[in-house]
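Step one of this worksheet: look at the structure below.
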Amino acid sequence: MATRKFSDPWLRGLKAAAPGTRDEWLDAGESGLTVRVSPKRRISFWLIARYPEGDGTFGNPSRRALGDFRPADAKDRIYIVKKGVTALTLDEARQKAREWKAMIAEGIDPGKPAQEPEPETEPDTIASVFAEYYKRHVMKEGQKDGRGKPLAPLRSASEIQRIFDHYIFDDLDGNERWRNRLIGSISRRDVTELLDTIQDASGATQSDAVLAQLSAMFNWHAARGDDFVSPIVRGMKRTKSSERKRKRVLSDEEIRIFWQACEAQGTFGAFCQSLLLTLQRREKLRLMHRDFVTSDGLWTIPTEDREKGNAEYIRLSPLAMDIVKKQPTSQSAPYIFQGRLKGPINGFTKDKAALDAKMEQIAGYPIPHWVLHDLRRTGKTLMIRAGVSPHISERVMGHVIPGVEGVYDQHDYLAEKTAALRKLAALVARILKPKGNVVPIKQRDRVSAHAGENLKAVSG
């Protein structure tokens with residue numbers, strides 16, 4: 001144990017001990033007086049002495065608690081003082097140590113030994129709280145209803161796990177965010193900055209989805225203890241209820257610019273093109289495995305338990321298959337869209353920013369904000385425009401078919417989905433290489449606007 005001359009400034013500057021440990025020093029100014037610091041930065045005074053045994057003998061040296069440290073400035077409230085424990089300034093602790101030693105010298109026990117503080121549990125991190133939350137609240141482990149039947153897990157279990165994995169624990173680039181942050185250290189500012197980052201990268205709707213799941217876990221945790229208060233307050237949502245469904249669809253002009261920009265973006269560009277041609281969710285396409293795609297384009301899409309969706313099989317269009325075949329292959333690269341390491345593609349934030357910059361460079365003007373999920377909506381819109389029935393496009397996308405039809409209609413619709421994806425690819429091909437000088441309405445409006453701006457500039 002290190003020896004140090006205690007002082008009020010030095011005690012104020014003590015840092016919390018590492019989790020599962022405690023730091024301790026011996027006072028050079030008062031023999032036997034020690035100070036101890038816990039992982040939660042509780043600072044306490046102790047006296048090491050040979051205490052009377054009651055039979056005239058003295059026991060082996062042992063510690064007894066004198067009290068918790070309190071700065072001389074009574075206004076300072078940043079120090080943890082355990083309830084029911086005396087709070088002492090340094091001078092008061094030294095005085096109490098002297099009084100105790102005087103009593104011991106006369107054979108008087110200064111009091112019953114103070115119990116050692118209960119072992120402090122590991123600090124609650126975001127990851128550790130989520131693990132318990134997921135087990136008890138989401139999966140309902142060990143819980144039963146009024147009739148004694150086990151409760152079913154939440155249907156949104158996989159989505160909850162996805163949100164925490166890709167937006168809260170880490171970002172889409174695999175960089176750590178809050179995984180090891182103490183839950184009590186999360187402030188309103190932290191929440192706001194996180195939501196801002198997600199909104200900029202993935203849109204306001206995704207930001208609100210993250211907020212909803214984070215709020216649910218915080219409230220669950222707050223209900224189980226006395227010390228935690230959720231930092232989430234009303235007014236943090238980024239959208240109004242009437243605005244939460246995005247409507248952004250890329251125009252024909254934007255699709256041509258997008259496609260050209262993707263050609264210069266390597267694997268990520270090919271991935272984005274495939275999002276438009278398959279209508280699948282980003283995570284499904286990211287995990288497309290070579291073992292699950294046949295030579296004629298039949299893609300088996302793994303589905304998790306309780307996951308919504310019925311797009312278990314789709315046959316890729318020749319245009320989509322051409323993109324797949326162009327991706328590099330190796331024994332160590334089992335995914336179609338391989339990442340920089342051995343896993344599937346990641347790094348969406350940086351790559352999307354680079355794609356946006358390339359699109360603006362090609363266009364010569366700023367492209368209105370869009371997110372990757374908008375490609376799925378754009379593809380759906382194009383498919384309907386190509387003459388595909390809505391109920392077929394819904395099945396391609398893997399949406400739940402509501403009502404009686406979803407229960408009794410067990411046809412796989414593989415042929416219909418194949419035809420739909422071919423029609424989509426054909427329309428995309430026509431958009432990329434339009435015949436004649438026919439300008440689509442949205443493009444014509446943009447051209448007119450630019451012409452008007454140029455005319456104003458010349459006349460001005």
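Where a number appears in this text, it was derived from the coordinates with a stated rule and is not lab data. This structure is a prediction, so every number in the text was calculated from the model and none was measured. Note: ideal-geometry Cβ built from the backbone for every residue, glycine included; neighbour counts use all protein chains shown.
For the reader, a short list of remarks on this structure follows.
- When you work out D = kT/(6 pi eta Rh) for the stretch 2-105 at 20 °C and 1.002 mPa s, using the Kirkwood radius from C-alpha pairs as Rh and the Stokes-Einstein form, the result is 150 µm²/s.
- Karplus-derived 3J(HN,Hα), 6.51/-1.76/1.60, for each residue of the stretch 283-290, Hz, glycine and proline x: 5, 5, 5, 4, 9, 4, 9, 4
- Label-point separation, residue 325 to residue 41 (7 Å along Cα→Cβ), nm: 6.3 nm
- Given 352/435; 325/352; 140/350; 149/240, the pairs whose alpha carbons are separated by over 28 Å: 352/435; 140/350; 149/240
- Simple label model, 7 Å out from Cα along Cβ direction - residue 219 to residue 332, nm: 4.8 nm
- Long-range amide H partners of residue 339 with built H, under 5 Å: 345
- The simple Förster model, with R0 at 41 Å and r as the Cβ-Cβ distance, assigns residue 156 and residue 226 a FRET efficiency of 0.90.
- Built amide H within the under 5 Å cut-off of residue 69, gap 5+: 43, 44, 45, 88
- Above-threshold pairs, the threshold being 31 Å between Cα atoms, out of 342/423; 247/417; 358/423: 342/423
- Overall Cα dimensions of the stretch 247-399, principal axis frame, Å, largest first: 43, 40, 29
- Pairs of Cα atoms farther than 20 Å apart, the stretch 126-243, %: 45 percent
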